[in-house]
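Report on one structure; see the data block that follows.
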Amino acid sequence: MDRRTATVEHYKAAMLLSGVGDALGYRNQLWEYNESGPAIHQELKELGGLKNIKAELPDWPVSDDTVLHLATAEGLATGKKGEELLHEVAARYVEGMKDMDGRKPGPSSILGVSQLKPGEEGGYRVAYNPEGTGCGAAMRSMCIGLRYPRPDQLLSLVAVAVETGRMTHPHPTGFLGAVASALFTAYAVQRRPITTWGLGLINEACPIAKNFVQGRGYAVEETERDWDYFCDKWMWYLDLRGISNGVGPVIWPSSYGPAERDEAYKTFSLSGWAGRSGHDAPMIALDALLGAGSDWEELMNRAGFHGGDSDSTAVIACCCWGLLYGTQAVPEGNYSNLEYRDRLEQCAEQLYALSH
């Protein structure tokens, strides 16, 4: 597979591997709620390592992350635009919430979707929620970057990420996570150096998002009041890694194994639960992409097997990684019988066609 341009096969790998990262990081609730990275790595070893895992039902279902990512992707795949698209996606979130048995959706996602009234005027809008800071918008928005991958489509990418993100996570820490996930997949399609992604988020996408929110005139005051945390924390992270100039070299701790990563990721977080929020789920995903290169196992070690919200960090990281590297280096058992594989690959093909 030619790495220089993103092909339809890369798109399929992106959607499929995002589901794989979700299923592996979740491990049917066992790992998403395990607060110890070293313990997860020990259990992984007892399973015979990553290459021994067959990610398939009943032991490895996808979580709410993939169900809602599919809802976003299949909504986008209809080719609708503007308000019509937003009602379409809102309707699919409502539908997706019926497929949550054993998948553990977050409180803001449950609350937000319960307030949606697709088809009614303004029915894709929900009340401002000062608690809506979680990663639920970030984990389902990667596909927006597949639909609007070009630099000249940045405005569309941001608009759709903000509006679909606000359907459940109206707080900027929540919906800017959707912007980050969408942006990073677009950057992966563009083959932009990973060291520049965070800077692009802060300097390019966030100012557009702020203007967009002001222009839409909805919950502007609350959003502006709560705006700064996301950008400030991202600037802190870029400084920490030595990439605030977008160049590097990336600065890593001298030792950065499972235990050290658990501690580091907690410092990224809003309240000590790593990857739980809209700012730090994409942050941990980026950290993993920067550290893993083309090594699938290393990517999963960093993004999927840690003591935080491991499925939500992996779903983002693996989508970007699939766009860059395809499935060739991934053990076939990790993806061949994944739940919803057909749906994931089908909407990847539709998004690829729409993006061209």
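When the range 239-293 is examined, which residues are found to be of a type in the set (Ser, Thr, Tyr) and over 18 Å from the mean Cα position of the chain (by Cα)? Of everything in the range 239-293, those that are of a type in the set (Ser, Thr, Tyr) and over 18 Å from the mean Cα position of the chain (by Cα) turn out to be 244, 254, 255, 256, 267, 271.
Inclusion of residue 215 among residues that are out of contact with any His (no Cβ under 7 Å at 6 or more places or on another chain), of a type outside the set (Ser, Thr, Tyr) and not in a helix (DSSP H, G or I) is not warranted. Take residue 80 and decide whether it is free of Cβ contacts under 8 Å to residues at least 12 places away in the same chain and over 27 Å from residue 273 (Cα atoms). In short, yes. Before we move on, is residue 196 part of a helix (DSSP H, G or I) and hydroxyl-bearing (Ser, Thr, Tyr)? Here the answer is yes, as residue 196 does meet what is asked.
A count restricted to the range 225-271 and to residues that are of a type outside the set (Phe, Trp, Tyr), within 16 Å of residue 36 (Cα to Cα) and either out of contact with any helix residue (DSSP H, G or I) (no Cβ under 9 Å at 6 or more places or on another chain) or in a helix (DSSP H, G or I) (or both) stands at 9.
Comparison of 164, 168 shows that the only residue that is in a helix (DSSP H, G or I) and either in contact (Cβ under 8 Å) with a residue 40 or more places away in the chain or loosely packed, with under 15 Cβ neighbours inside 10 Å (or both) is 164.
Scanning the range 93-115 for residues that are buried (at least 22 other Cβ atoms within 10 Å of the Cβ), of a type outside the set (Val, Ile, Thr) and under 26 Å from residue 79 (Cα atoms) turns up 93, 96, 109, 112. For residue 327, indicate whether it is surrounded by 23 or more Cβ atoms within 10 Å (Cβ to Cβ) and either under 17 Å from the mean Cα position of the chain (by Cα) or not hydrophobic (A, V, I, L, M, F, W, C) (or both). Judged against the criteria, residue 327 is not a match.
Figure legend. Inter-residue proximity from the range 338-356: first residues in contact (Cβ under 8 Å) with a residue 60 or more places away in the chain, second residues of a type in the set (Phe, Trp, Tyr) and part of a helix (DSSP H, G or I), beta-carbon distance below 6 Å, spacing 6+ or different chains. Indicated pairs: 348/11; 352/11. Condition test on residue 340, is it closer than 22 Å to residue 193 by Cα and either surrounded by 24 or more Cβ atoms within 10 Å (Cβ to Cβ) or under 18 Å from the mean Cα position of the chain (by Cα) (or both)? Here the answer is no, as residue 340 does not meet what is asked.
Would you be able to say whether some residue in the range 174-191 is surrounded by fewer than 20 Cβ atoms within 10 Å (Cβ to Cβ), touching a residue at least 40 places away in the same chain (Cβ under 8 Å) and more than 30 Å from residue 122 (Cβ to Cβ)? Checked against the condition, which is being surrounded by fewer than 20 Cβ atoms within 10 Å (Cβ to Cβ), touching a residue at least 40 places away in the same chain (Cβ under 8 Å) and more than 30 Å from residue 122 (Cβ to Cβ), the range 174-191 yields at least one hit. Determine the pairs where a residue that is under 21 Å from residue 266 (Cβ atoms) and surrounded by 14 or more Cβ atoms within 10 Å (Cβ to Cβ), located within the range 32-50, has a partner that is among the polar types (S, T, N, Q) and modelled with pLDDT under 95 with Cβ atoms under 9 Å apart, the partner being 6 or more residues away or on another chain. What qualifies is 40/34; 43/34. The residues on offer are 135, 206, 143, and the sole one that is at negative phi, in contact with a helix residue (DSSP H, G or I) (Cβ under 7 Å, 6 or more places away or on another chain), surrounded by fewer than 23 Cβ atoms within 10 Å (Cβ to Cβ) and not β-branched (Val, Ile, Thr) is 206. Among the residues of the range 290-312, some residue qualifies, meaning at least one is without any contact (Cβ under 8 Å) to a residue 12 or more places away in the chain, in contact with a helix residue (DSSP H, G or I) (Cβ under 7 Å, 6 or more places away or on another chain) and surrounded by fewer than 24 Cβ atoms within 10 Å (Cβ to Cβ).
The values are calculated or read from the model by the stated rules, or taken from the named source; none is laboratory data. The shown structure was predicted, so the numbers you read here are calculated from the model rather than taken from an experiment. Note: ideal-geometry Cβ built from the backbone for every residue, glycine included; neighbour counts use all protein chains shown.
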